[in-house]
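Q: One structure, pasted below without further comment.
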Amino acid sequence: IGLGLYAYALSGQYIGAAFHLSRNAQAILSKVVDVQPLADEVMRRYRALDDAQRSAQNDESYRAFFEGLDEREDYRTARGILQDFLASSDVFDVYLAMYDRETSALVYMIDPLQQDASLPGEWEPVNEKGMNRFLEWNGEGMLYDAGKTEQYGWLATSGVPIRGADGQIVAFVLADVSLKDVRSGMKTFMLQYSLSMFVLVNLIAVLMALRMRRTLAQPINKIGEAAQAYVQDKRAANGVTGHFSDLHIMTGDEIENLALIMEDMENDLADYEQTLSRVVAEKERAGAELALATRIQADMLPNIYPAFPEREEFDIYASMTPAKEVGGDFYDFFLVDDDHLAVVMADVSGKGIPAALFMMMTKIMLQNQAMSGKSPKDVLTAVNDQICANNREEMFVTVWLGILELSTGKLTAANAGHEKPILKEPDGDFAVLSDRHGFVIGGMEGVRYKEYEIRMRPGAKLFVYTDGVPEATRADGTLFGLARTLDALNEQKNQRPQNILDHVGEAVRAFAGDAPQFDDLTMLCLHYIGSNPFDNHIQEDERHESKE
């Protein structure tokens, strides 16, 4: 039993480290680079080969089928991230690959090893049971498979899937750990454990032989009688105490310990009724303080609408529904000056009170930097440096920041690892806008961010959100996804921002059903009307007439 527990604990430690490493790598990859195009291309080429071509993977002719994949920008970026994780860990390898059911093979996509690295398209056979464990994983517990390989001996492979926009698995971030240390440790442990047990058993035998000379029945009976008297007095509620403190058992063994424990128990139970009301009061106070924290956080965000009733150039509305009492998502919008409107959408790592505190700090920093007249990229750079200077908890936040010039409709924006914005042209539908992504705020000091421009014509609408919208999950594990988000937006595309957000929120809740809310749900919609609404309507009418 001891050997089994030791092997189980040590193996679990190795596998747990590999699983958490692969999960962290997947989280960073999902924020920094989109690996789906690369994964789809590798699997397309692999599945286009016949069995004879696949069996010759060591030949140059086979590698020619996958030529050029290691020169892609997304390949180099993802490989660099995996190299950083590999260098900072004790795992054997961390890589990107995909299981192919048809050929029962693991197809490599990105391997950061300096030597003997597997190139894109190389593959190795796998057993069907282990492959199905990865492809059919429901997201609960740790995902891994252990077995003996001809080249590396005993290995445990752990990982997490990367899903595409449609929610289907496109690749896995996998980490391999060697189990040879477990086997060698088991031999050492068995020798030490056997020797210790031999000494311990003989020592216990000697002690028990000596202790058998002493009478055991009397102390045990005294404890039993005291316990019976205690129960009777407790039922009678006569307030009698001291049942076990008067025994004075001095056997020097477990019986004496039992008498002392029973004495402590009696004293503790005497205090129980007095402390119970205090505990209940403390619980109620904690609940009241948490409710107050929820109201304070809601008051920190703009929540009075219409937000700028005196301004006719735009209409804006936002909402946040936290997954817990307080959340880590936040939005913000404010006038930098009479002609510039700042819009912020952000998502703090984690949930609950720590994320809420970090959210408040980040919100204040962003607003202070934006109000100083800085551009979006300079705002994100300054806030990142401020947070990284004192971020012992290693929390981070994704941010999308845009500053709209109200007189012209020019929107200057910067993205720090946040979700892609969704834009609707005046005469079109809502569509995802592929923008430039930078690294998350608080993740690394010295990051410099880039910005881009969006020309919003009068009548255009902008929708920004956190990952709680597309990643809303129902009971069977299906994600709401960007496609359903776009459908919900376009169903109300000609309505006011408030109606649009209400409709999207209802669509998400109807989709999730009875499943608990996993993440904060935060959305913002901006309708740019223009500096002269009357002229804008005339321009729209002329545009429609010219089309006819």
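The values are calculated or read from the model by the stated rules, or taken from the named source; none is laboratory data. The shown structure was predicted, so the numbers you read here are calculated from the model rather than taken from an experiment. Don't worry about glycine lacking a Cβ; one is built from the backbone with ideal geometry, like all the others, and counts go over all protein chains shown. Note: areas computed on protein heavy atoms with side chains; ligands, DNA, RNA excluded. Shrake-Rupley method; radii C 1.70, N 1.55, O 1.52, S 1.80 Å.
Q: Assuming a ≥ b ≥ c are the square roots of the Cα gyration tensor eigenvalues, decide whether segment 103-147 counts as rounded (a/c under 1.5), prolate (otherwise, with a/b larger than b/c) or oblate.
A: Judged from the Cα gyration tensor, segment 103-147 comes out prolate (a/c at least 1.5, a/b above b/c).
Q: What is the distance in Å between the Cα centres of segment 190-204 and segment 318-359?
A: 60 Å
Q: Shifting gears a bit: Run the simple label-point estimate for residue 304 and residue 114 please: 7 Å along Cα→C-beta, distance reported in nm.
A: Placing both labels 7 Å along Cα→Cβ, they lie 6.2 nm apart.
Q: Moving to a separate point now. Just want the answer: with Cβ charges of +1 for Lys and Arg and -1 for Asp and Glu, which residue in 255, 490, 65 is farthest toward the dipole's positive end in the chain?
A: 255
Q: When the dipole is taken about the Cα centre of the chain, and only Lys, Arg (+1) and Asp, Glu (-1) are charged at their Cβ, what size is it in debye, to the nearest 20?
A: Rounded to the nearest 20 debye, it is 1500 debye.
Q: Rounded to a whole number, what % of the accessible area of segment 83-206 do carbon and sulfur atoms account for, probe 1.4 Å?
A: Whole-percent figure for carbon plus sulfur exposure: 54.
Q: To the nearest Å, what is the center-to-center distance of segment 403-475 and segment 1-57, using C-alpha atoms only?
A: What the calculation gives is 31 Å, centre to centre.
Q: Across segment 383-514, how many lysine pairs, 8 or more apart or on two chains, come within less than 16 Å at their alpha-carbon atoms?
A: Value for segment 383-514: 7.
Q: Same structure again: Mind checking segment 79-148 for GluC sites (Glu not before Pro) that DSSP puts in a loop (not H, G, I, E or B) and that have at most 10 other Cβ atoms within 10 Å? It would help to have the intermediate numbers written out before the result.
A: Values: sites: 102, 122, 128, 136, 140; in loops: 102, 122, 136, 140.
Here the GluC sites (Glu not before Pro) that fit, given the DSSP loop and packing criteria, are 102, 136, 140.
Q: Another one. What Kirkwood hydrodynamic radius do you get for the chain when you take the inverse of the mean 1/r over all pairs of distinct Cα atoms, in Å?
A: Working: mean 1/r = 0.0348 Å⁻¹.
One decimal place: 28.8 Å for the Kirkwood radius.
Q: Using alpha carbons only, how many angstrom separate the centre of segment 99-126 from the centre of segment 244-261?
A: Cα centroid to Cα centroid, the span is 66 Å.
Q: Here's a follow-up. Per residue, what accessible area does segment 310-439 have, given a 1.4 Å probe and all protein chains present, in Å²?
A: Values: 5000 Å² over 130 residues.
Counting only protein heavy atoms, the per-residue value for segment 310-439 is 38 Å².
Q: Let me ask you something else. Given axes a ≥ b ≥ c from the Cα gyration tensor, I'd like to know whether segment 113-244 is rounded (a/c under 1.5), prolate (a/b larger than b/c) or oblate.
A: oblate
Q: To continue, here is another question. Mind checking which of 398, 433, 416 is farthest towards the positive end of segment 393-434's charge dipole, using Cβ charges of +1 (Lys, Arg) and -1 (Asp, Glu) about the Cα centre?
A: Sorting the options by dipole projection puts first 433.
Q: Considering amide H positions built from the backbone, and no H for Pro or chain starts, which residues 5 or more places from residue 460, or on another chain, come under 5 Å of its amide H?
A: Amide H neighbours of residue 460: 528.
Q: Turning to a different aspect of this structure: With a 1.4 Å probe and every protein chain kept in, tell me what percent of the accessible surface of segment 389-530 is carbon plus sulfur.
A: Answer for segment 389-530: carbon and sulfur cover 46 percent of the accessible area.
Q: Here's a follow-up. Skip the ligands, DNA and RNA, and give the accessible area per residue of segment 440-499 with a 1.4 Å probe, whole Å².
A: Details: 2930 Å² over 60 residues.
Here the per-residue accessible area is 49 Å².
Q: Under 19 Å from a point 7 Å along the Cα-to-Cβ line of residue 208: which residues of segment 1-27 have their amide N that close?
A: 1-2
Q: Which cross-chain or sequence-distant (5 or more) residues have an amide H under 5 Å from the amide H of residue 160, H modelled 1.01 Å from N in plane?
A: Placed amide hydrogens put 173 under 5 Å from residue 160.
Q: How far apart, in nm, are two points set 7 Å out from the Cα along the Cα-to-Cβ line at residue 30 and at residue 499?
A: Spacing of the two 7 Å Cα→Cβ label points: 3.4 nm.
Q: Whose amide H sits under 5 Å from the amide H of residue 321, counting only residues 5 or more places off or on another chain, with H placed in the peptide plane?
A: The answer is 521, 522.
Q: Moving on. So between residue 275 and residue 246, what do we pick up on full extension, going 0.36 nm a residue minus the alpha carbon distance?
A: 7.9 nm
Q: May I pose another question? Provide the per residue accessible area, probe 1.4 Å, for segment 93-134, rounded to a whole number of square angstrom.
A: Averaged over the residues of segment 93-134, the accessible area is 43 Å².
Q: Between residue 104 and residue 132, what is the label-point separation in nm under the 7 Å Cα-to-beta-carbon projection?
A: It works out to 1.2 nm between the two label points.
Q: Still on this model: Ratio of segment 452-539's C-alpha Rg to 2.2 N^0.38 Å, to two decimals?
A: Rg over 2.2 N^0.38 Å, computed on Cα atoms: 1.28.
Q: Could you work out the local net charge near residue 79, counting Lys and Arg as +1, Asp and Glu as -1, over the other residues with Cβ closer than 12 Å to its Cβ?
A: -4
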